[in-house]
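Only one structure is covered here, and it is reproduced in the block below.
The values are calculated or read from the model by the stated rules, or taken from the named source; none is laboratory data. All of these numbers come straight from a predicted model, not from anything done at the bench. All Cβ positions, even for glycine, are placed from backbone atoms using ideal geometry, and neighbour counts span all protein chains on display. To get the accessible areas, we keep the full protein, side chains included, count just its heavy atoms, and leave off ligands, DNA and RNA. Shrake-Rupley method; radii C 1.70, N 1.55, O 1.52, S 1.80 Å.
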Amino acid sequence: MTSPNSPKAAAASKREPLRGTPVAQLGAEFVLVRTKKAKPAGHALPADRASHLVSKAGKALGKPGLPKEAVFTGSKRIYAFSIDTSDPTRLIREAPDGKRQTGRMVNGRFQPTKA
């Protein structure tokens, strides 16, 4: 038991009263307290907004390809790859400046073929 003159007893007498709902107590010194009402985890989109987004996504996915601005985001080391229609084993690498090279992937790296 602690004496009334101990530092622990002095600190305990200076504590503010508990405001909120105690949720859990871990040991003698730690109490988890809920101070506000719990908020819902998330809210669903309104049906009209959700259907609008679905129709927009459907239209976007229905179109083949992507605009160049979506692929080339300003870096000079980003390339667009496509399959060569005349030979499906070859790739076409397009640089942001429009330069095209034909080649193959070898060990995860593009190797241009000799023309």
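Summary of computed values
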quantity: Identity of the residue in the range 87-105, farther than 19 Å from GLY65 by Cα and open to solvent by 70 Å² or more (accessible area, probe 1.4 Å), that ends up modelled with the highest pLDDT; calculated: ARG104
quantity: Per-region count, the range 51-69, residues modelled with pLDDT under 70 and more than 30 Å from ALA95 (Cα to Cα); calculated: 0
quantity: Residue in the range 8-44 that is modelled with the highest pLDDT, counting only those that are assigned to a loop (DSSP other than H, G, I, E, B) and open to solvent by less than 80 Å² (accessible area, probe 1.4 Å); calculated: GLY20
quantity: Near pairs, Cβ below 6 angstrom, 6+ apart or cross-chain, from the range 97-115 (farther than 12 Å from ASP84 by Cα) to any residue that is of a type outside the set (Phe, Trp, Tyr) and surrounded by 12 or more Cβ atoms within 10 Å (Cβ to Cβ); calculated: PHE110/ARG93; PHE110/GLY103; GLN111/GLY103; GLN111/ARG104; PRO112/GLN101; PRO112/GLY103; THR113/THR102; THR113/GLY103
quantity: Meets criteria (surrounded by 10 or more Cβ atoms within 10 Å (Cβ to Cβ), at pLDDT below 75 and under 30 Å from ARG109 (Cα atoms)) for PHE72; calculated: yes
